[in-house]
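Chemist: Input: one structure, supplied below.
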Amino acid sequence: MTNPAADDFMRRAIQLAYEGVRGGHGGPFGAVIVKDGQVVGEGHNRVLSANDPTAHAEITAIRAASANLASFDLSGTEIYVNGMPCPMCMAAIFWARIGRVYYACDAADAESIGFDDAEFYRQLEKPPAQRRVPALQMNTHVEAARACFRAWAELETRIRY
């Protein structure tokens, strides 16, 4: 990538990762969310300091950007992360409607320092019941759960996301 602004955003993500490591907040990950060339949210991994397994850099940056933009829809943004997002973070990126992900290190790099990202991707390729943490459908409750889904679908004040 030769875009100087993009390089600055990635350097900031790396700087945030260092801040988290030095502060003992969590793993070496930082994230910056940009809209129209301006930073609208940033964060670093806070899993340890928050005692929250979901407090990854991407999640903290998404939360900050959503608060700053007063919207759960981050369409028109892009995210810069020093490491390829794990499956949870990629799902959050999809839900937030972020348009593009720029990353430096890949899942193998994270695995080489003890993070399970690559294994999580491997697990998600398996059928749900065959994963290390099996997902098992409780068929006796499908109709009751579908009724709740229908209630949501029929809600006139429903906001799509």
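Chemist: If VAL40 passes every condition in (1) touching a residue at least 24 places away in the same chain (Cβ under 8 Å); (2) part of a helix (DSSP H, G or I); (3) more than 21 Å from ALA110 (Cα to Cα); (4) not aromatic (Phe, Trp, Tyr) but one, which one does it miss?
Modeler: Among (1) touching a residue at least 24 places away in the same chain (Cβ under 8 Å); (2) part of a helix (DSSP H, G or I); (3) more than 21 Å from ALA110 (Cα to Cα); (4) not aromatic (Phe, Trp, Tyr), VAL40 violates only (2).
Chemist: Given the criteria β-branched (Val, Ile, Thr), more than 21 Å from ILE159 (Cα to Cα), in a helix (DSSP H, G or I) and open to solvent by 60 Å² or more (accessible area, probe 1.4 Å), does ILE14 qualify?
Modeler: yes
Chemist: Restricting the search to the stretch 120-161, which residues are part of a helix (DSSP H, G or I), among the hydroxyl-bearing types (Ser, Thr, Tyr) and more than 24 Å from PRO85 (Cβ to Cβ)?
Modeler: THR140
Chemist: Look through the stretch 49-97, keep the residues that are among the charged types (D, E, K, R) and not in a loop (DSSP other than H, G, I, E, B), and return whichever of them is nearest to ASP117 (Cα to Cα).
Modeler: Of everything passing the filter in the stretch 49-97, GLU58 is nearest to ASP117 (Cα to Cα).
Chemist: Name the residues in the stretch 24-37 that are in a loop (DSSP other than H, G, I, E, B) and either in contact with a helix residue (DSSP H, G or I) (Cβ under 7 Å, 6 or more places away or on another chain) or of a type in the set (Lys, Arg) (or both), would you? Step through it out loud before you land on a result.
Modeler: In the first step, residues of the stretch 24-37 are kept if they are in a loop (DSSP other than H, G, I, E, B); the result is 24-29, 36-37.
Across the stretch 24-37, the qualifying residues are GLY24, HIS25, GLY26, GLY27, PRO28, PHE29, GLY37.
Chemist: Every residue in the stretch 112-161 that is among the β-branched types (Val, Ile, Thr), surrounded by 10 or more Cβ atoms within 10 Å (Cβ to Cβ) and over 22 Å from the mean Cα position of the chain (by Cα), please.
Modeler: Answer for the stretch 112-161, where residues must be among the β-branched types (Val, Ile, Thr), surrounded by 10 or more Cβ atoms within 10 Å (Cβ to Cβ) and over 22 Å from the mean Cα position of the chain (by Cα): just VAL142.
Chemist: Same structure again: Can you work out which of the residues in the stretch 28-56 that are open to solvent by 50 Å² or more (accessible area, probe 1.4 Å) and in contact with a Lys or Arg (Cβ under 8 Å, 6 or more places away or on another chain) is nearest to LEU16 (Cα to Cα)?
Modeler: Looking at the filtered set, the residue picked out is GLU42.
Chemist: Checking ASN82 against (1) over 30 Å from ILE159 (Cα atoms); (2) modelled with pLDDT of 95 or more; (3) out of contact with any Gly (no Cβ under 7 Å at 6 or more places or on another chain); (4) open to solvent by less than 60 Å² (accessible area, probe 1.4 Å), only one condition comes out false. Which one?
Modeler: It fails just one condition, (3).
The values are calculated or read from the model by the stated rules, or taken from the named source; none is laboratory data. Since this is a predicted model, take the numbers as computed values, not measurements. Methodologically, a virtual Cβ is constructed for each residue, glycine included, from the backbone with ideal geometry; neighbour enumeration extends over all protein chains shown. The accessibility values were calculated without ligands, DNA or RNA, using every heavy atom of the protein model including side chains. Shrake-Rupley method; radii C 1.70, N 1.55, O 1.52, S 1.80 Å.
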